[in-house]
Every structure is written in C-alpha cells, then in structure tokens.
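Read through the structure below, which is laid out as structure tokens, and then see the notes.
The values are calculated or read from the model by the stated rules, or taken from the named source; none is laboratory data. Note that the coordinates shown come from a computational prediction; the quantities given were computed from them, not determined experimentally. Positions of Cβ are generated from backbone atoms using ideal geometry, with glycine treated the same way; all protein chains shown enter the neighbour counts. Quick note on the areas: whole protein, heavy atoms, side chains included, nothing else; ligands and nucleic acids left out. Shrake-Rupley method; radii C 1.70, N 1.55, O 1.52, S 1.80 Å.
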Amino acid sequence: MTLSHVLDATTGRPAAGVQVRLERSGDGGWLPSGQGQTGPDGRLRLTGEGGAAEFQPGVYRITFASGAYFLARGSASFYPEVTITFEMTGRDEHYHVPLLLSPFAYSTYRGS
C-alpha cells in the first residue's frame, strides 16, 4: 500500500530515502503499524503490520525522519522529525498523506 509521498521543496524533486514509521492509537498507547523508506519516486510503500492489509478505522500517526534525510545531504534542518496524526474513518476510503518538505518548513494535506 502507498500511503504517502514526500517531495523535497529545496530541489523540486521527490525525497528518496526518508525513513518513515506508521503507528495506530490503541488502548496501551501507540502501536506499530508499518515502516518503510521512500523510494526514488518519493513514495512510501509500507512493510510490516498494516503494510499489505487493509487498515482498520482509527487514529494513526506517521513520522518522517526529516532531520536524517537532510543531514545525509549535508544540510542542517530545524525539524528532526515530522509527525502527522490523522484519522481513518472508513475502510473503503482512500487515504493519502503527502508531505512537502524543506529544512525549515513543511506542509501536508489529505491527498486523493
């Protein structure tokens, strides 16, 4: 499943190699639901729990290792991680969480 893609606003290109983890809110706190790394096209393909299966409705958070991404490119950054918390309300709906990333700013929205 592709849940997100990351674009590097400083280069105008996909952000390849960003480490990402997905967690679901549960009774005992946040539970791992998947992890991965963005590919050459900046898209995230999850592995692990929830990676291949349909997601259950609930509250999720996705965390992008933005600081490590910029450090590997020789650039300082302000945000070591970007975490986006969102709610999946229906099994049959499409969920896409794009991230536009730069060393000192980011933006996101519910994509289609």
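General remarks:
- Each residue in the range 42-59 was checked for being in contact with a His (Cβ under 7 Å, 6 or more places away or on another chain) and at pLDDT 90 or above, and 2 of them qualify.
- Residue pairs meeting the criteria (Cβ under 8 Å; at least 6 apart or on separate chains; first in a strand (DSSP E or B), in the range 6-20; second among the acidic types (Asp, Glu)): PRO14/ASP8; PRO14/ASP41
- Annotation: GLY111 fulfils all but one of (1) open to solvent by 20 Å² or more (accessible area, probe 1.4 Å); (2) closer than 12 Å to LEU3 by Cβ; (3) in a loop (DSSP other than H, G, I, E, B); the unmet one is (1).
- Among residues of the range 79-108, those that are closer than 20 Å to SER66 by Cα, assigned to a loop (DSSP other than H, G, I, E, B) and out of contact with any Lys or Arg (no Cβ under 8 Å at 6 or more places or on another chain), counted: 6
- Scanning the range 54-112 for residues that are in contact with a Leu (Cβ under 7 Å, 6 or more places away or on another chain), hydroxyl-bearing (Ser, Thr, Tyr) and under 24 Å from ASP27 (Cα atoms) yields a total of 2.
- Residues considered: THR10, THR63, THR38. Of these, the only one that is β-branched (Val, Ile, Thr) and open to solvent by 30 Å² or more (accessible area, probe 1.4 Å) is THR10.
- No other residue among TYR109, TYR95 is at pLDDT below 95 and more than 14 Å from LEU44 (Cβ to Cβ) apart from TYR109.
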